[in-house]
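Colleague: Take this structure first; my questions come after.
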Amino acid sequence: MGMEIENNKMEVIKEEEDSEVTDSEMVRFLRNALQEVGETEFESSTHHYSDLVAVFGNQDGRDTDHVALLVASSRALSRAVTYIDIDRHNSLLSNIFRMSIWNFGENVMDALIDLIKALAASSGKYVEDCLEMLVRNFKPPQNLLNFVSQPHGIAKKEKVQDRVHKALKDIAELMPVSLLYLNGIVVQRMPRMSSKNDFPRKIKDDLQLSEIYVESMLKLERGVLGRFMGNVMLSAVVYRLVELDVEIEWDEILQDDPSKGIFDMEIEDTDEAADYNDDGEVCLKAGFGLQKMGADAFADRLDSLMVLTCEHIKSRADEGHLHEVFDTLLLSFKKSILDTHKSKFAQFVMFYACSLDPERCGVRFAVTLADTFVRAGESPTTRMSAVAYLASYLSRARFLPSTLVVSMLKRLVDWCAKYYCKFQDVEEENINPHVHRVFYSGCQAYVIDVGIPSGRVLIKWSTPLR
């Protein structure tokens with residue numbers, strides 16, 4: 001196979017334009033260019049080596065001559081990686097690891113990916129840098145964000161993601177040690193969250209990059225490497241949902257209807273975005289309807305990410321891995337959601353997972369929350385949050401049997417009644433409401449749950465602690 005190179009490109013061969021250079025000749029030339037560099041690349045860098053560095057420093061995928069040269073150089077360099085030295089060829093390596101395959105067509109993508117795999121396999125010194133380069137390509141360059149939202153851009157995204165994830169798998173097979181680094185690199189490389197004080201355009205772009213990146217994280221969790229790193233990926237995604245969630249202020253949500261609260265507002269809003277089949281399972285439609293709640297970029301992206309996450313959970317359930325995923329979600333709920341102030345909507349991802357297996361996941365979640373509430377060893381804040389989420393869950397989970405709902409509420413009633421009996425003879429002026437805030441939260445949760453709209457007959461507890 002030959003490659004045409006212009007006479008002014010790298011000045012490889014002093015011949016006429018359109019001279020043909022074979023692959024073997026290209027490899028030989030690059031080896032010589034690499035070997036000509038002294039102990040440090042600044043001591044005796046030749047113009048041949050400098051031109052090679054420049055080839056990988058140019059990310060313009062519109063220049064057809066440059067694209068042809070980049071493909072030829074990448075393929076040849078893949079066969080000469082043993083001649084690359086991390087100290088002598090630092091500039092070349094830096095440019096290679098900064099390459100964005102989003103800027104190029106499939107020929108360049110494949111050539112660059114093959115070069116990265118060859119570098120990773122050649123020496124353990126390059127493994128982390130190769131992984132960094134691939135993970136950096138989870139998201140497109142800033143200038144391609146608008147393009148990615150278009151049909152051609154979506155197709156381009158799929159081509160990039162497929163190649164990047166296959167390369168990660170291939171490197172893991174060639175160099176199993178890469179799995180020790182990959183989790184940390186993926187989590188550390190997650191796009192930073194914007195502040196609401198930033199410019200609207202920056203907020204929108206950062207959130208879009210975050211969504212694209214999360215899509216790749218979930219793809220990684222769902223792939224062959226998922227069993228080695230799935231827990232970390234899904235946990236990090238849940239944490240990102242919470243980060244977006246807390247950015248949505250109640251003032252923005254309640255401005256249209258000040259009477260709404262966390263335990264009644266989402267019923268009508270999320271039901272518009274979900275249906276239930278004959279078995280009571282939640283079926284997602286377009287989203288969770290959060291765009292209407294505040295109508296800002298954070299609500300819009302949170303809505304999209306929640307749908308993306310729920311679709312991922314459903315696909316994992318269809319593959320028979322729901323309970324593994326649920327274990328991760330439950331742990332993430334305890335760590336990231338339960339005690340987070342102002343978290344309002346991330347809970348619905350957990351509710352959706354429960355709906356896919358009400359008898360096991362649905363019951364387990366309810367029991368976990370109830371256990372946390374009655375457990376004296378937990379902090380008051382954690383216990384109050386647990387019973388609040390239990391109320392939120394029971395009042396919405398139409399897939400749960402009424403017997404379970406009644407048993408959970410009876411458990412709340414029994415605990416509250418037992419607690420009340422300890423203090424019923426205490427004088428009212430000697431009662432400190434703050435000390436009994438866990439009790440009041442249990443009563444409030446019960447009052448919320450008795451309003452469940454499904455014709456369930458419940459025992460009502462309404463005696464306040466004075």
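Colleague: Of these, Phe399, Phe348, Phe326, which one is open to solvent by less than 10 Å² (accessible area, probe 1.4 Å), among the aromatic types (Phe, Trp, Tyr) and out of contact with any His (no Cβ under 8 Å at 6 or more places or on another chain)?
Modeller: When all the criteria are applied, what remains is Phe326.
Colleague: Taking the stated definitions as given, is Glu106 open to solvent by 40 Å² or more (accessible area, probe 1.4 Å), of a type outside the set (S, T, N, Q) and touching a Phe, Trp or Tyr at 6+ places or on another chain (Cβ under 7 Å)? Even if it seems obvious, please write down each step before you answer.
Modeller: Details: open to solvent by 40 Å² or more (accessible area, probe 1.4 Å): yes; of a type outside the set (S, T, N, Q): yes; touching a Phe, Trp or Tyr at 6+ places or on another chain (Cβ under 7 Å): no.
So Glu106 does not fit the description; no.
Colleague: Could you pull out the residue among Val67, Val108 that is in contact with a Gly (Cβ under 9 Å, 6 or more places away or on another chain), at pLDDT 95 or above and hydrophobic (A, V, I, L, M, F, W, C)? Reasoning before the result, please.
Modeller: Working: Val67 fails: at pLDDT 95 or above.
Being in contact with a Gly (Cβ under 9 Å, 6 or more places away or on another chain), at pLDDT 95 or above and hydrophobic (A, V, I, L, M, F, W, C) holds for just one of Val67, Val108, which is Val108.
Colleague: Within the range 112-169, which residues are among the polar types (S, T, N, Q) and either closer than 23 Å to Val67 by Cα or open to solvent by 40 Å² or more (accessible area, probe 1.4 Å) (or both)?
Modeller: Within the range 112-169, Ser122, Asn137, Gln142, Asn143, Asn146, Ser149, Gln150, Gln161 meet the criteria.
Colleague: Considering the range 220-234 alone, what residues qualify as being at pLDDT 85 or above and crowded, with 19+ Cβ neighbours inside 10 Å? Walk me through how you get there before you give the answer.
Modeller: Initially, the range 220-234 is screened for residues at pLDDT 85 or above, giving 220-223, 225, 232-234.
Once the filter is applied, which keeps residues that are at pLDDT 85 or above and crowded, with 19+ Cβ neighbours inside 10 Å, the range 220-234 yields Leu220, Glu221, Arg222, Leu225, Met233, Leu234.
Colleague: Could you identify the single residue in Leu209, Leu234, Leu225 that is touching a Lys or Arg at 6+ places or on another chain (Cβ under 8 Å), closer than 25 Å to Gln347 by Cα and in contact (Cβ under 8 Å) with a residue 24 or more places away in the chain?
Modeller: Selected residue: Leu209, the only one of Leu209, Leu234, Leu225 that is touching a Lys or Arg at 6+ places or on another chain (Cβ under 8 Å), closer than 25 Å to Gln347 by Cα and in contact (Cβ under 8 Å) with a residue 24 or more places away in the chain.
Colleague: Tally the residues that are without any contact (Cβ under 8 Å) to a residue 40 or more places away in the chain and either closer than 14 Å to Leu390 by Cα or acidic (Asp, Glu) (or both), restricting the search to the range 351-360. Break it down into steps so the answer makes sense when it comes.
Modeller: Here is the first cut: in the range 351-360, the residues without any contact (Cβ under 8 Å) to a residue 40 or more places away in the chain are 359-360.
Add one more test, that the residue is either closer than 14 Å to Leu390 by Cα or acidic (Asp, Glu) (or both), and what stays is 359.
The qualifying residues number 1.
Colleague: Testing Met217 on (1) open to solvent by less than 60 Å² (accessible area, probe 1.4 Å); (2) more than 13 Å from Asn183 (Cα to Cα), one condition comes back false. Which one is that?
Modeller: Unmet for Met217, out of (1) open to solvent by less than 60 Å² (accessible area, probe 1.4 Å); (2) more than 13 Å from Asn183 (Cα to Cα): (2).
Colleague: Within the range 357-396, can you find the residues that are among the aromatic types (Phe, Trp, Tyr) and either in contact with an Asp or Glu (Cβ under 7 Å, 6 or more places away or on another chain) or open to solvent by 10 Å² or more (accessible area, probe 1.4 Å) (or both)?
Modeller: Narrowing the range 357-396 to residues among the aromatic types (Phe, Trp, Tyr): 365, 373, 389, 393.
Correct list: Tyr389 only.
Colleague: Right, Phe298: outside any helix (DSSP H, G or I) and either open to solvent by less than 30 Å² (accessible area, probe 1.4 Å) or more than 22 Å from Ile212 (Cβ to Cβ) (or both) or not?
Modeller: Working: outside any helix (DSSP H, G or I): no; either open to solvent by less than 30 Å² (accessible area, probe 1.4 Å) or more than 22 Å from Ile212 (Cβ to Cβ) (or both): yes.
No.
Colleague: Being of a type in the set (S, T, N, Q) and either more than 28 Å from the chain's Cα centre (by Cα) or farther than 17 Å from Lys169 by Cα (or both) is the filter here, so list the residues in the range 84-137 that pass it. First the steps, then the outcome.
Modeller: Taking the range 84-137 and keeping what is of a type in the set (S, T, N, Q), we get 90-91, 94-95, 100, 103, 107, 122-123, 137.
The answer is Asn90, Ser91, Ser94, Asn95, Ser100, Asn103, Asn107, Ser122, Ser123.
Colleague: If you don't mind, there's one more thing I want to ask. Which residue pairs have Cβ atoms closer than 7 Å, lie 6 or more positions apart in sequence or on different chains, and pair a first residue in the range 361-390 that is closer than 12 Å to Ser441 by Cα and assigned to a helix (DSSP H, G or I) with a second residue that is polar (S, T, N, Q) and open to solvent by less than 10 Å² (accessible area, probe 1.4 Å)?
Modeller: Listed by first residue and then by second, the contacts come to Tyr389/Gln347.
Colleague: Which is within 25 Å of Arg240 (Cα to Cα) and surrounded by 20 or more Cβ atoms within 10 Å (Cβ to Cβ), of Cys416, Cys354?
Modeller: Every option except Cys354 fails the conditions.
Colleague: Only one of Asp51, Asp63, Asp85 is open to solvent by 20 Å² or more (accessible area, probe 1.4 Å) and under 22 Å from Ser178 (Cβ atoms). Can you tell me which?
Modeller: Values: Asp51 fails: under 22 Å from Ser178 (Cβ atoms); Asp63 fails: under 22 Å from Ser178 (Cβ atoms).
Being open to solvent by 20 Å² or more (accessible area, probe 1.4 Å) and under 22 Å from Ser178 (Cβ atoms) holds for just one of Asp51, Asp63, Asp85, which is Asp85.
Colleague: Separate question: Kindly indicate whether Val127 is under 16 Å from Pro191 (Cβ atoms) and of a type in the set (A, V, I, L, M, F, W, C).
Modeller: Values: under 16 Å from Pro191 (Cβ atoms): no; of a type in the set (A, V, I, L, M, F, W, C): yes.
No: the conditions fail for Val127.
Colleague: Only residues in the range 133-161 that are in contact (Cβ under 8 Å) with a residue 60 or more places away in the chain and closer than 17 Å to Gln59 by Cβ count as the first member; pair them with residues that are among the basic types (Lys, Arg) and assigned to a loop (DSSP other than H, G, I, E, B), Cβ under 7 angstrom, at least 6 apart or cross-chain, and list the lot.
Modeller: Every condition considered, no pair remains.
The values are calculated or read from the model by the stated rules, or taken from the named source; none is laboratory data. These numbers were taken from a predicted model, which means no experiment stands behind them. All Cβ positions, glycine included, derive from the backbone under ideal geometry; neighbour counts span all protein chains shown. Heavy atoms of the whole protein, side chains included, go into the accessibility calculation; ligands, DNA and RNA do not. Shrake-Rupley method; radii C 1.70, N 1.55, O 1.52, S 1.80 Å.
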